[in-house]
1. Mind checking which residues of region 559-576 are in contact (Cβ under 8 Å) with a residue 24 or more places away in the chain and either farther than 18 Å from residue 416 by Cβ or crowded, with 20+ Cβ neighbours inside 10 Å (or both)?
2. Inspect region 365-374 for any residue being more than 22 Å from residue 301 (Cβ to Cβ) and not in a strand (DSSP E or B) and give the result as yes or no.
3. Just give me the residues in region 323-364 being away from the ligand (no atom under 16 Å from the Cβ), in a strand (DSSP E or B) and buried (at least 17 other Cβ atoms within 10 Å of the Cβ), in sequence order.
4. Mind checking which pairs have a first residue in region 10-35 that is outside the structural domain of residue 63 (by TED's automatic domain parsing) and under 23 Å from residue 82 (Cα atoms) and a second that is surrounded by fewer than 23 Cβ atoms within 10 Å (Cβ to Cβ) and at pLDDT 95 or above, Cβ under 9 Å, 6 or more apart or different chains?
5. In region 317-337, what residues are closer than 22 Å to residue 383 by Cβ and touching a residue at least 40 places away in the same chain (Cβ under 8 Å)?
6. Give the residues of region 529-555 that are more than 15 Å from residue 516 (Cα to Cα) and free of Cβ contacts under 8 Å to residues at least 12 places away in the same chain, sorted by residue number.
7. Name the residues in region 234-256 that are touching a residue at least 24 places away in the same chain (Cβ under 8 Å) and touching a helix residue (DSSP H, G or I) at 6+ places or on another chain (Cβ under 8 Å), would you?
8. Looking at region 176-192, is at least one residue touching a helix residue (DSSP H, G or I) at 6+ places or on another chain (Cβ under 7 Å), modelled with pLDDT under 95, farther than 23 Å from residue 413 by Cα and part of a strand (DSSP E or B)?
Ligand code: M6R
């Protein structure tokens, strides 16, 4: 978490930094700050006012007028060490204010390093682990002006996953950075240099983008990029192509990113399917990257699917397709738990890691564990060349475009689609399904974007349905089979956006305990589309109604019999049963969106959260 930006040789550096921080707000927003080099020293401004920190920081841009400001660093913070406050906001300085540091991640051994620095007489002004880096750089720099060399020396003393950008006053156009697991990219445009946590921060400003590998110190000085390993052997900066455009990362007239991203779901699905379905039955579906022999994949006899939060729910939703078509055991794990239960992994195991960002530390750690056990790995990621994509044996990218809202919407739908494409690919590879079975899913995938569009076009109508429960304060989501992950995702969306207590259960489990909580003040949202277990869901619904709970349904279009059982219903088009989680989730996204707005909350930046979670 935390967003980092650094600029070198960029005219109007304060404006450019603030704009980048706006675009990086999804990574953290409890405080924000920037340090700009002006007239021989750093001028620093910091704000710690929760979700409005960047907005307030922008008001300081005028303070920089009058002197040249072409180099500086900026930061959005998601607090780990030290509460959100101006003192703890970044950039952090050394004793003399010569060094400015912005940092994402955690310095695990900061306490011992801080003790040592204190005993040497260094003065600390914050509770952050980051400040330790600034003081260590002060020592390592000595009389030189090479912040990149100093950073290499300091980095080898730091433990933990992190990304750092540092600069110093005697050579202020030289910005140095280094990362371990946490994301960071370098970019240039003529004589301008940039370092950022993520592409959207500098989209439209930068032209050439460079990947920074783990434990490689990279620097940018004006438009010059240099990189070297910690032992000082030079490495060639690796350029990559960015196809996202600025309009896809901007709000484009919508009130917020969440509604924009919900509306972009048909396109996200089209783009994820583009070019992949045409020849599925002849040449097959192409993975974006395949770095192992196909024979190795063919020998796989067990699959683990891992992810966190919404990405975990995508795994759960797609598991039904993989098990049904590939006839192979599939286990699901929340990534943060996976490696601590000693899973039985070997070369015949495939581990599928799913992540929007490709940078979630829990999932990266689980993937690393899987790879070290010899398992074959597949990553589904929305960010090209993300850390996970680079670690894996094979990759499928979801082409959902940048997702800015902290709550995942379009990337979730795209993940399910990508995983179901994999189910077709793998079933074909192993010969476990008939062509007719695969054709039926492939045809349904082809029609999916159109059906998603029918739903998103009815956004306002769904807000009307959601408004029927706007004064309730407890929500339970139930579903069976493919409806169960939908229930979990509906509850997660509602919790994270509206802060209302919400839980998801398999509908059949309700009677084993949770039903005790139901009364007239609770809402039960039931996924009651015409799937395989529709009748059983209807039976469970009777149990709910008998306890007086308000019933909100997700039902199939035209299914008046089901609709009559609820107090209100969202109706969705019919599709292939394995794809129904894609459609059934959309009304629940809108339900969460509406209830959060009704309660006056910022839907794009829910409290206490960050878009990319790069701490364990
Ligand atoms: O980037 P990832 O998909 O790995 O992120 C995983 C979760 O942190 C993420 O899905 C989170 O649960 C979202 N806020 C859900 O809306």
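The values are calculated or read from the model by the stated rules, or taken from the named source; none is laboratory data. Predicted model only: the values in this text are computed from it and were never measured. Heads up, the Cβs are rebuilt from the backbone with ideal geometry, glycines too, and the neighbour counts pull from every protein chain shown.
1. Restricting attention to region 559-576, the residues satisfying the condition of being in contact (Cβ under 8 Å) with a residue 24 or more places away in the chain are 559, 562, 565-570, 572-576.
Once the filter is applied, which keeps residues that are in contact (Cβ under 8 Å) with a residue 24 or more places away in the chain and either farther than 18 Å from residue 416 by Cβ or crowded, with 20+ Cβ neighbours inside 10 Å (or both), region 559-576 yields 559, 562, 565, 566, 567, 568, 569, 570, 572, 575.
2. From region 365-374, those more than 22 Å from residue 301 (Cβ to Cβ) are 365, 368; that's our starting set.
Narrowing the set further to residues that are not in a strand (DSSP E or B) leaves 365, 368.
Looking for residues that are more than 22 Å from residue 301 (Cβ to Cβ) and not in a strand (DSSP E or B), one finds at least one in region 365-374, hence yes.
3. Filtering region 323-364 for residues away from the ligand (no atom under 16 Å from the Cβ) gives 323-331, 340-350.
If we keep only those that are in a strand (DSSP E or B) as well, we get 330-331, 349-350.
330, 349, 350, listed by residue number.
4. Hits for this filter: zero, empty list.
5. 317, 318, 336
6. 535, 539 - these are the residues of region 529-555 that are more than 15 Å from residue 516 (Cα to Cα) and free of Cβ contacts under 8 Å to residues at least 12 places away in the same chain.
7. Across region 234-256, the qualifying residues are 242, 244, 249.
8. If we filter region 176-192 for residues that are touching a helix residue (DSSP H, G or I) at 6+ places or on another chain (Cβ under 7 Å), which is where we start, we get 176, 178, 181, 183, 185, 187.
Still in the running and modelled with pLDDT under 95: 181, 183, 185.
Next, from what is left, pick out any that are farther than 23 Å from residue 413 by Cα: 181, 183, 185.
Next, from what is left, pick out any that are part of a strand (DSSP E or B): 185.
Among the residues of region 176-192, at least one is touching a helix residue (DSSP H, G or I) at 6+ places or on another chain (Cβ under 7 Å), modelled with pLDDT under 95, farther than 23 Å from residue 413 by Cα and part of a strand (DSSP E or B), which makes the answer yes.
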